[in-house]
Amino acid sequence: MHGLRLSPELDVLGAKEMDETLVEFIKRTIMKIPITEMMPILKAWDFLSEKQLQTVNFRQRKESLVQDLVLLCEERRASIHDAALLDIIYTQFHRHQKVWNVFQMSKEPGEDIDLFDMEQFKSSFVKILQRALKNVTVSFRDAEENAVWIRVAWGTQYRKPNQYKPVYVVYYSQTPYAFTSFCPLKSNMPLLGQALTVASNHHKIVKMDLRSRYLDSLKAIVFKQYNRTFETHNSTVPLQDRTLELDVHMDSRIIHENRIEKERVQRVTQETFGDYPQPRLEFAQYKLETKFKSELNGDILAERKEPLRCLIKFSSPHLLEALKALAPAGIADAPLSPLLTCIPNKGMNYFKIRDK
């Protein structure tokens with residue numbers, strides 16, 4: 001996160017003065033930052049100078065610390081731009097606290113690939129939202145790998161934007177993929193999709209059946225980067241829960257037939273999952289719709305017009321690593337069902353299974 005270039009931010013309200021609402025927003029944002037992360041986040045924010053930060057006692061009670069920092073922000077007359085940027089940085093540090101959806105865009109058949117200009121993308125994105133909605137705050141922060149973080153705080157024609165319920169978007173330039181957090185107002189999603197599509201020079205956008213708290217794993221799945229190490233940004237999860245790697249030790253007294261079966265299971269598991277860490281997902285959901293078939297006349301279920309519906313959900317702190325460990329642990333036969341192993345390749349963890 002550190003040392004990233006901060007891009008200009010755009011706010012269609014144009015508010016410049018620090019009113020009580022803005023002061024309270026900055027106070028709440030700083031208050032939710034853990035003490036251990038306070039200095040790294042403030043330095044990444046780069047709004048308060050090193051000299052100003054040296055005047056603050058970071059060992060005092062948090063309430064007093066926050067008040068001192070808020071006073072410094074008031075002295076510097078922080079704007080909604082500055083406050084929104086601090087919120088983006090905090091969200092980047094704690095991205096795993098949100099559930100991320102994946103959207104895929106497409107161009108018309110035969111349409112040429114345009115040269116991409118990030119500043120033009122930002123300008124176009126804001127203009128599209130501004131035309132449709134008077135009160136909206138849009139902020140940007142450039143990130144690694146040609147990505148941009150976008151924060152949109154929604155208002156209405158008569159109300160100012162609610163800074164406490166924004167939607168976050170991560171877009172990788174010159175790709176058809178965007179990742180969005182939960183949008184509190186579903187009615188705004190079509191507008192957000194239109195802004196993304198037009199600003200990135202695409203024609204259509206669809207929501208993929210793929211979501212997770214782990215943004216980096218979603219990115220690895222859609223970009224086919226399975227053989228890379230994934231940052232989960234979840235320091236609260238113990239290391240053993242994060243890896244869930246199963247070390248199967250062979251007993252020297254094991255009989256020959258079992259050793260051959262163990263080797264087969266290990267080989268099949270490696271062929272299916274590879275020998276690299278799996279992208280991190282917490283669940284996979286399967287909706288089954290089927291009609292009861294019977295050769296017996298007059299069967300009640302056979303006459304039922306509505307299909308039988310069933311919902312199955314697999315969940316784990318690290319689902320794919322858990323699935324990878326099932327066969328070596330002797331819990332399941334190898335190979336596992338393709339419905340379980342196809343998740344990364346298909347880019348899905350929501351499935352609908354119907355009769356053909």
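Can you name the condition, by its number, that A78 falls short on among (1) outside any loop (DSSP other than H, G, I, E, B); (2) in contact (Cβ under 8 Å) with a residue 24 or more places away in the chain?
Unmet condition: (1).
Check M1, M31 and return the single one that is at pLDDT 95 or above and surrounded by fewer than 18 Cβ atoms within 10 Å (Cβ to Cβ). Full working, then the answer.
Numbers: M1 fails: at pLDDT 95 or above.
The conditions single out M31.
For every residue, the table says whether it meets (1) closer than 22 Å to L218 by Cα; (2) surrounded by 17 or more Cβ atoms within 10 Å (Cβ to Cβ); (3) touching a Lys or Arg at 6+ places or on another chain (Cβ under 6 Å); (4) at pLDDT below 90.
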{"residue": "D275", "(1), (2), (3), (4)": "yes, no, no, yes"}
{"residue": "P279", "(1), (2), (3), (4)": "yes, yes, no, no"}
{"residue": "E282", "(1), (2), (3), (4)": "yes, yes, no, no"}
{"residue": "S294", "(1), (2), (3), (4)": "no, no, no, yes"}
{"residue": "D299", "(1), (2), (3), (4)": "no, no, no, yes"}
{"residue": "A302", "(1), (2), (3), (4)": "no, no, no, yes"}
{"residue": "L308", "(1), (2), (3), (4)": "no, no, no, yes"}
{"residue": "I312", "(1), (2), (3), (4)": "yes, no, no, no"}
{"residue": "L323", "(1), (2), (3), (4)": "yes, yes, no, no"}
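Looking at the range 165-179, can you tell me whether even one residue there is assigned by TED's automatic domain parsing to the domain that holds S200, more than 22 Å from S212 (Cβ to Cβ) and at pLDDT 95 or above?
no
Read through the list (1) surrounded by fewer than 19 Cβ atoms within 10 Å (Cβ to Cβ); (2) closer than 24 Å to M348 by Cα, then give the number of the only condition that K160 fails.
Of everything listed in (1) surrounded by fewer than 19 Cβ atoms within 10 Å (Cβ to Cβ); (2) closer than 24 Å to M348 by Cα, K160 misses just condition (2).
Of the numbered conditions (1) at pLDDT 95 or above; (2) surrounded by fewer than 16 Cβ atoms within 10 Å (Cβ to Cβ), K352 fails exactly one; give the number of that condition.
(1)
Among the listed residues T36, T29, which satisfies the condition of being touching a helix residue (DSSP H, G or I) at 6+ places or on another chain (Cβ under 7 Å), part of a helix (DSSP H, G or I) and of a type in the set (S, T, Y)? Explain how you work it out, then say what you get.
Working: T36 fails: touching a helix residue (DSSP H, G or I) at 6+ places or on another chain (Cβ under 7 Å).
Unique residue meeting the criteria: T29.
Just give me the residues in the range 112-161 being free of Cβ contacts under 8 Å to residues at least 60 places away in the same chain and basic (K, R), in sequence order.
Answer for the range 112-161, where residues must be free of Cβ contacts under 8 Å to residues at least 60 places away in the same chain and basic (K, R): K127, R131, R159.
Does the range 90-105 include one or more residues that are assigned to a loop (DSSP other than H, G, I, E, B) and touching a Lys or Arg at 6+ places or on another chain (Cβ under 8 Å)? Don't jump to the end; show me each part of the working.
In the first step, residues of the range 90-105 are kept if they are assigned to a loop (DSSP other than H, G, I, E, B); the result is 94, 98-99.
Filter again for touching a Lys or Arg at 6+ places or on another chain (Cβ under 8 Å), leaving 98-99.
Looking for residues that are assigned to a loop (DSSP other than H, G, I, E, B) and touching a Lys or Arg at 6+ places or on another chain (Cβ under 8 Å), one finds at least one in the range 90-105, hence yes.
Scan the range 128-146 for residues that are surrounded by fewer than 17 Cβ atoms within 10 Å (Cβ to Cβ) and within 25 Å of the chain's Cα centre (by Cα) and jot them down. Can you show your working first?
As a first pass, look at the range 128-146 and keep what is surrounded by fewer than 17 Cβ atoms within 10 Å (Cβ to Cβ): 130-132, 134, 142, 144-146.
Answer for the range 128-146, where residues must be surrounded by fewer than 17 Cβ atoms within 10 Å (Cβ to Cβ) and within 25 Å of the chain's Cα centre (by Cα): D142, E144, E145, N146.
The values are calculated or read from the model by the stated rules, or taken from the named source; none is laboratory data. In this text, all values refer to a predicted model and were calculated from it rather than measured experimentally. Don't worry about glycine lacking a Cβ; one is built from the backbone with ideal geometry, like all the others, and counts go over all protein chains shown.
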